Amino acid sequence: MKKSFFALSLIFLLSTLLPWQSAAYVAKYKEDYYKLFHVHYQQYPDDVMENIYWLEQAVKADFANPLYASAKINDERDWEKYRYLFMMHINLKIIEQYMRLGRVYDHSVARFYDAPWKDMYLDNLAKTKSCYESGLYYWREAKLWAEKANVSKFNFLWLSDIQAWEDEKERVSTGELNYEKILTREITRVQNVIDTFTAMESKKY
């Protein structure tokens with residue numbers, strides 16, 4: 001996976017957050033980390049980077065006992081599908097957060113009067129492109145888990161407690177939700193803006 005330029009920022013940010021979190025809430029399992037994910041009406045870059053951190057920790061962690069799952073689990077088939085849907089959902093949430101973060105640094109078009117700030121814009125656009133490319137990685141993961149949750153043995157099995165995740169799986173499976181198309185388009189656009197800035201002379205107006 002392409003390493004994100006945000007790694008050092010995340011380490012610094014969470015060095016201030018983790019002592020408080022450890023005193024108030026001990027996260028060990030995927031479900032624990034997912035509970036730390038939160039979306040505000042207005043999210044600042046630090047909020048988004050914190051969310052990315054918790055969600056990526058959720059990807060790495062083990063599942064809690066089925067008794068503590070985010071849905072009622074009746075048998076092993078429920079448990080298997082639940083795990084696939086959970087992983088798909090987590091990866092989709094990470095994509096959303098990377099897209100939010102990318103938009104913070106994005107610049108839609110390079111105009112001639114932006115020339116004095118060319119280097120700043122190029123730096124920001126590199127961050128934007130990195131975010132969108134990271135999103136592509138997680139889209140491939142989300143699709144993989146959606147495919148696992150969509151095999152024939154799960155026909156007519158719906159986990160109603162996580163209906164929203166079931167709906168996401170359907171949208172991914174049918175192609176209604178296609179982050180690859182969205183992100184590839186945005187990466188191409190950003191690269192075009194980068195190329196325009198790169199060819200631009202640094203002038204003062």
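The values are calculated or read from the model by the stated rules, or taken from the named source; none is laboratory data. Nothing here was measured: the structure is a model prediction, and the numbers come from that model. Note that each Cβ is placed from the backbone with ideal geometry, even for glycine, and that neighbours are counted across all protein chains shown. Side chains included, ligands, DNA and RNA excluded: accessible areas come from the protein's heavy atoms. Shrake-Rupley method; radii C 1.70, N 1.55, O 1.52, S 1.80 Å.
Helix 118-149 and the longest principal axis of the C-alpha atoms of the chain enclose an angle of approximately 20°. Relative to the longest principal axis of the Cα atoms of the chain, the long axis of helix 45-60 makes an angle of roughly 40 degrees. By the rule of a C-alpha distance below 14 Å, with chain neighbours fewer than 8 residues away ignored, the aspartates and glutamates paired with Lys118 are Asp106, Asp195, Glu201. Over 26 Å apart at the Cα level, from the set Lys81/Lys129; Lys127/Lys181; Lys127/Lys169; Lys28/Lys127, are Lys81/Lys129; Lys127/Lys169; Lys28/Lys127.
Can you tell me the orientation of helix 179-199 relative to the chain, as the angle in degrees between its alpha-carbon axis and the longest Cα principal axis, to the nearest 10? With rounding to tens, the tilt is 20 degrees. Seen from Asp32, the other residues with C-beta closer than 13 Å to its C-beta sum to a net charge of +2, counting Lys and Arg as +1 and Asp and Glu as -1. For the range 22-144, carbon and sulfur atoms together expose 50% of the accessible surface, with a 1.4 angstrom probe and every protein chain in place. Listed values (1) 13.4; (2) 12.4; (3) 15.1 include one computed from this model; for mean projected area of the Cα convex hull in nm² that value carries the label (1).
Local charge for Met87 was computed over the other residues whose Cβ lies under 9 Å away, with Lys and Arg +1 and Asp and Glu -1, and equals +2.
Simple point charges give the picture: +1 on the Cβ of Lys and Arg, -1 on the Cβ of Asp and Glu, and for the chain a dipole about the Cα centre of about 420 debye.
Packing-wise, with mean Cβ within 10 Å as the measure, how do 105-117, 180-192 rank, highest first?
The packing order, highest mean first, is 180-192, 105-117.
Take the chain with all the other protein chains still there, run a 1.4 Å probe, and you get 57 Å² of accessible area per residue.
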